[in-house]
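Asker: Dropping a structure here in structure tokens format, bear with me for questions.
The values are calculated or read from the model by the stated rules, or taken from the named source; none is laboratory data. Predicted model only: the values in this text are computed from it and were never measured. Here Cβ is always computed from backbone atoms with ideal geometry, including for glycine, and neighbour counts include all displayed protein chains. These accessible areas exclude ligands, DNA and RNA; they are computed on the full protein's heavy atoms, side chains included. Shrake-Rupley method; radii C 1.70, N 1.55, O 1.52, S 1.80 Å.
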Amino acid sequence: MKVVVQRVSRAKISVGGHEVNSITKGLCLLVGLQKTDKKNDIDAMVQKILKLRLFDKDDKKWHCNVMDMSYEILSISQFTLCYKLKGNKLDFHMAMPGSLALQDYQYFLETLRSNYNPSKIKDGAFGEMMEVEIVNDGPVTVQLEFPNPEKCLDGKSDKLSDVVEL
């Protein structure tokens, strides 16, 4: 599972020129699901995203998470995060197939909603060609990946909970 987390002052999704969803201050998530992802990986990733301290409060930098600030989250399914390069060509064989990805992506959204304020969680249009407008705040962009290549070099970790400190 790969997630690109962006701290935004606003973000919007449109399909065919029609707005699907938008948020003001908060996080924009680009979510790539891989064939090997399991429900417990999704659960752990949701916890990491919700607890990630990307926001300042008063004079304290990197002090608060999205829940502390009561900000919104806009989540966008993006299979292209699960690429491998073959020369100059992108290969998506590691991406989860559409029907399975839809189920797991819906599970990801429901897990976000059940662990935070459901009204603060917005999403794009799964499987559609979307126009994404993001105003990155900072800019702050963080890449989360399971397994984390830097911490799994020993080959012993096979769960996200072993990779990230929750």
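Asker: Between Val132 and Lys60, what is 0.36 nm times their sequence separation minus the Cα-Cα distance? Round to one decimal in nm. If you can, show how the numbers build up before the last one.
Answerer: Details: separation 72, 0.36 × 72 = 25.92 nm, distance 3.08 nm.
Net length gain for the segment: 22.8 nm.
Asker: Using a 10 Å cut-off on Cβ atoms, rank the peptides 31-41, 112-122 from the highest mean neighbour count down.
Answerer: Numbers: 31-41: 18.2, 112-122: 16.0.
Averaged packing, sorted descending, gives the order 31-41, 112-122.
Asker: Using the alpha carbon gyration tensor of the chain, what are the three equivalent-ellipsoid semi-axes (square root of 5 times each eigenvalue), largest first, in whole Å? Walk me through the numbers on the way to the answer.
Answerer: Values: eigenvalues 114, 89, 46 Å².
Equivalent-ellipsoid dimensions as semi-axes: 24, 21, 15 Å.
Asker: With a probe of 1.4 Å, find how much accessible area the chain has per residue, and write the answer as a whole number in Å².
Answerer: Values: 9260 Å² over 166 residues.
I get 56 Å² per residue for the chain.
Asker: Quick query: amide H of Arg10 versus all other amide H atoms, modeled in the peptide plane; which residues come in under 5 Å with a sequence gap of 5 or more or a different chain?
Answerer: Placed amide hydrogens put Val135 under 5 Å from Arg10.
Asker: Divide by every residue of the chain the summed helix terms, -39500 (n - 2.57) for each DSSP H run of at least 4, and state the resulting mean residue ellipticity at 222 nm, rounded to the nearest 500 deg cm²/dmol.
Answerer: Working: 4 runs with 39 residues, N = 166.
Rounded to the nearest 500, it is -7000 deg cm²/dmol.
Asker: What do you reckon, how do Phe146, Phe92, Phe79 stack up by accessible area (1.4 Å probe), largest on top?
Answerer: Values: Phe146 15, Phe92 65, Phe79 115 Å².
Correct descending sequence by accessible area is Phe79, Phe92, Phe146.
Asker: Using a 1.4 angstrom probe on heavy atoms only, work out the carbon and sulfur share of the accessible area of the chain in %. Can you show the working numbers first?
Answerer: Working: 4580 of 9260 Å².
Carbon and sulfur together cover 49 percent of it.
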